[in-house]
1. Can you tell me which residues in the range 230-249 are of a type in the set (Lys, Arg) and surrounded by 18 or more Cβ atoms within 10 Å (Cβ to Cβ)?
2. Anything in the range 253-263 that is under 20 Å from Pro213 (Cβ atoms) and loosely packed, with under 14 Cβ neighbours inside 10 Å? List them, or say none.
3. Limited to the range 193-208, what total is found for residues that are touching a Ser or Thr at 6+ places or on another chain (Cβ under 7 Å) and closer than 13 Å to Trp220 by Cα?
4. Here are some residues: Val119, Val61. Which one is in contact (Cβ under 8 Å) with a residue 24 or more places away in the chain, β-branched (Val, Ile, Thr), surrounded by fewer than 23 Cβ atoms within 10 Å (Cβ to Cβ) and over 21 Å from Gln14 (Cβ atoms)?
5. Pick from Asp70, Asp104, Asp86: which is in contact with a strand residue (DSSP E or B) (Cβ under 6 Å, 6 or more places away or on another chain) and acidic (Asp, Glu)?
6. So in the range 103-113, with the set limited to residues that are within 18 Å of the chain's Cα centre (by Cα) and part of a loop (DSSP other than H, G, I, E, B), which one is surrounded by the most Cβ atoms within 10 Å (Cβ to Cβ)?
7. Can you confirm whether the range 70-77 contains a residue that is part of a helix (DSSP H, G or I) and either surrounded by 17 or more Cβ atoms within 10 Å (Cβ to Cβ) or basic (Lys, Arg) (or both)?
8. At least 3 residues that are open to solvent by less than 30 Å² (accessible area, probe 1.4 Å) and under 18 Å from Leu77 (Cβ atoms) in each: list the strands (runs of 3 or more DSSP E) lying fully within the range 122-229 that qualify.
Amino acid sequence: MTTVPALTLNNAVQIPQLGFGTFQIPAEETRQVTLTALEAGYRHIDTAQMYGNEKEVGQAVRDSGLDRSDIFVTSKLNNGAHAHDDALKAFDGTMDALGLDHLDLFLIHWPLPGKGDFVETWKALEEIYRSGRAKAIGVSNFQPHHLRRLLENSEVVPAVNQIEVHPYLTQDTARAFGAEHDIATEAWSPIAQGKVLDDPTIHRIATRVGKTPAQVTLRWHIQRGDIVFPKSKTPQRIEENLDLFDFELSTGDIGEISALNRDERTGPDPDTFNG
């Protein structure tokens, strides 16, 4: 079975660098698909209140037969629960849905700049963190200026920032800000909803190293130090996306793929998106 490397977050929590994403997996399919991922060797599962499949993720974790301590589970706060007390209640709802005694990582899903004060939301997450019910807390889709404001007005530094990252959106500025403040970068939409898989540069590298374009793209993420969690419902693809640790890209390969950057998003702009 593939051994996935772990990274150490800024509070000493260990997180598998490769995980399994459950975005856009219907609730009725989530349990079986997540079990397939766990059986393949994934030990990091990413869900969210917004995805509507926390209950099924929790069921898969319990049904897997694996020790809870061996599986890293992340969820995220829904956009309608940013008020302090609402965030606390929403977290209780997540724990009830998952049926787990703790969460490994809990994130603010979006900064929602036009809808309120995310600093107050963060203070609720700090309370959750201090209670021990979440082993780590972080944010998602935060720009450097959002993070800067958070750092200036809070006590706990986010452990991660989960942002859209792929070869057409390399996010160098956001990643550098995170590295400067010991905030790990997690990459969602790591293959740009499939857009990068037809790129000639990635195809050429994939042919040379004997891997698929998806594997080359995911390996680019891994070698840059990002935490990544591809999503698939197909067992073969689930296994393929895990098969990233028997080859390496050269420095030149990494540079060529990074040079594909277009600052092109597949998802919303965090500076304007208000959920």
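The values are calculated or read from the model by the stated rules, or taken from the named source; none is laboratory data. Source: prediction; values computed, not measured. We place every Cβ from the backbone using ideal geometry, glycine too, and count neighbours over all the protein chains shown. Ligands, DNA and RNA are stripped out before the accessible areas are found, and what is left, the full protein with its side chains, is counted by its heavy atoms. Shrake-Rupley method; radii C 1.70, N 1.55, O 1.52, S 1.80 Å.
1. Lys231
2. Gly255, Ser258, Ala259, Arg262 - these are the residues of the range 253-263 that are under 20 Å from Pro213 (Cβ atoms) and loosely packed, with under 14 Cβ neighbours inside 10 Å.
3. Counting residues in the range 193-208 that are touching a Ser or Thr at 6+ places or on another chain (Cβ under 7 Å) and closer than 13 Å to Trp220 by Cα gives 3.
4. Val119
5. Of Asp70, Asp104, Asp86, the one residue that is in contact with a strand residue (DSSP E or B) (Cβ under 6 Å, 6 or more places away or on another chain) and acidic (Asp, Glu) is Asp104.
6. Residue satisfying both the conditions and the ranking: Pro111.
7. Checking the range 70-77: not a single residue is part of a helix (DSSP H, G or I) and either surrounded by 17 or more Cβ atoms within 10 Å (Cβ to Cβ) or basic (Lys, Arg) (or both).
8. It comes to 137-140, 160-164.
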